[in-house]
1. In segment B:5-14, is there at least one residue being under 19 Å from residue B:79 (Cβ atoms), within 13 Å of chain A (Cβ to nearest Cβ) and assigned to a helix (DSSP H, G or I)?
2. Looking only at segment A:19-33, how many residues end up being touching a helix residue (DSSP H, G or I) at 6+ places or on another chain (Cβ under 9 Å) and modelled with pLDDT of 90 or more?
3. Please go through (1) away from every other protein chain (no Cβ under 14 Å); (2) without any contact (Cβ under 8 Å) to a residue 12 or more places away in the chain; (3) in contact with a strand residue (DSSP E or B) (Cβ under 6 Å, 6 or more places away or on another chain) for residue B:74 and return the number of the only condition it doesn't satisfy.
4. Out of B:105, B:122, report the one residue that is loosely packed, with under 12 Cβ neighbours inside 10 Å and in contact (Cβ under 8 Å) with a residue 40 or more places away in the chain.
5. Going by the structure shown, is residue B:34 at pLDDT below 90, within 14 Å of another protein chain (Cβ to nearest Cβ) and more than 19 Å from residue A:60 (Cβ to Cβ)?
6. Looking at B:249, B:239 in this structure, which one is closer than 30 Å to residue B:193 by Cβ, surrounded by 12 or more Cβ atoms within 10 Å (Cβ to Cβ) and either without any contact (Cβ under 8 Å) to a residue 60 or more places away in the chain or touching a helix residue (DSSP H, G or I) at 6+ places or on another chain (Cβ under 6 Å) (or both)?
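The values are calculated or read from the model by the stated rules, or taken from the named source; none is laboratory data. Note that this is a predicted model, so its numbers are computed, not measured. Don't worry about glycine lacking a Cβ; one is built from the backbone with ideal geometry, like all the others, and counts go over all protein chains shown.
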């Protein structure tokens, strides 16, 4: 557990976003820097290492904070750009 | 759950967001540290939720992002209070309710007694009440161990008592004393003597030696059955005598009543006086004065029970029955009837174990009294055990 935490801190230090999926219904993105595009079929998030795109149906931003976004809905694909 | 409660406490708004750059607006919100949740796209617009304090700060951000906001719904405590701020009665009522609840929780509302089988319930209640535990008593002033000890002393038939005060109910658990069964002595040598003068009609001897026969006349305290038994070799043995000796016993009894007698006659008029009870206090609801000093009052109490909990509120009803004292003079027939009833009671309760063989009555009026002289012949067991004294 401690190792996992350490790894997560390390990853953040390397400016990589951390994505935590719950099936394909929920994704927690740590290290996002903003929302670029948002509708019910596409959510595009900016991060320090590039753009992350979630495609799906009935997508919604459940909760948002300066470094963290929770996206819920039926996620079909995830795309990394940049 | 906790988050939802905090949000309700602080108040939040559901808003609709529409315009040119909604994503930019969301980013501006996060940069300003404004928390929003449940942001959902719907027909080219966005629905979201935000705390009331944050919503007041977002106008400049909306202008910068070129979006417009519209409140759809307001929820939470601040809106509820705003809605009812002019209705001060509600606030006063809530405060009064809170005070009442706090005050009432300091008193005992009800006493529940369990474990009472042969003991008198009202006697236990009276003992508890005398020692300070009664419906309406102040809880912090009670010393449970002292009440338990005092009640145990007051009611000697209690072997163990425990009082538990749970919320506003005092639960009293009682264990009654188990009485020792009476042990009849069947070994100590004893004679059987006559309890009355009489003529023997029947003899049943279980142990001991009896030389009497039917028809023998005996006087009071004469020996009926001896405990001394002598065998053929002239050895003496002492036994515990046991026998039933039936004899015809003569008894005379005089019953008398005064010719003129005071009699209480109840009138048809009654009064009812009700009182409202709250804890120990009573508030009279009727102020009708008493019609006379000659009355008998009967009390009845009712308590409000809600959800099997007896509340400290109720009413008591006092019903007054008025009577008058009148002097009546018995006719000889009436006097005879009354005296014969007395005689019947005497036969039943004073000479209950004996059977009446004959009875004769003689009625007279002497010195302001009606007198009934009764002569009886009872057939009864005259055997009485008497311990043998050996000097």
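1. First pass over segment B:5-14, keeping only residues under 19 Å from residue B:79 (Cβ atoms): B:5-14.
With within 13 Å of chain A (Cβ to nearest Cβ) added as a condition, the list becomes B:7.
When the remaining residues are screened for being assigned to a helix (DSSP H, G or I), the result is B:7.
So far as segment B:5-14 goes, yes, one or more of its residues are under 19 Å from residue B:79 (Cβ atoms), within 13 Å of chain A (Cβ to nearest Cβ) and assigned to a helix (DSSP H, G or I).
2. Residues in segment A:19-33 being touching a helix residue (DSSP H, G or I) at 6+ places or on another chain (Cβ under 9 Å) and modelled with pLDDT of 90 or more: 1 in total.
3. (2)
4. Details: B:122 fails: in contact (Cβ under 8 Å) with a residue 40 or more places away in the chain.
Sole residue among the options that is loosely packed, with under 12 Cβ neighbours inside 10 Å and in contact (Cβ under 8 Å) with a residue 40 or more places away in the chain: B:105.
5. Here the answer is no, as residue B:34 does not meet what is asked.
6. Unique residue meeting the criteria: B:239.
Matching residues to (1) surrounded by 12 or more Cβ atoms within 10 Å (Cβ to Cβ); (2) outside any strand (DSSP E or B); (3) without any contact (Cβ under 8 Å) to a residue 24 or more places away in the chain:
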{"residue": "B:265", "(1), (2), (3)": "no, no, no"}
{"residue": "B:283", "(1), (2), (3)": "no, no, yes"}
{"residue": "B:287", "(1), (2), (3)": "no, yes, yes"}
{"residue": "B:311", "(1), (2), (3)": "yes, no, no"}
{"residue": "B:315", "(1), (2), (3)": "yes, no, no"}
{"residue": "B:322", "(1), (2), (3)": "yes, no, no"}
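To keep it simple, each residue is scored yes or no on (1) in a strand (DSSP E or B); (2) within 14 Å of chain A (Cβ to nearest Cβ); (3) touching a strand residue (DSSP E or B) at 6+ places or on another chain (Cβ under 9 Å).
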position	(1), (2), (3)
B:40	yes, yes, yes
B:69	yes, no, yes
B:86	no, no, no
B:92	no, no, no
B:97	no, no, no
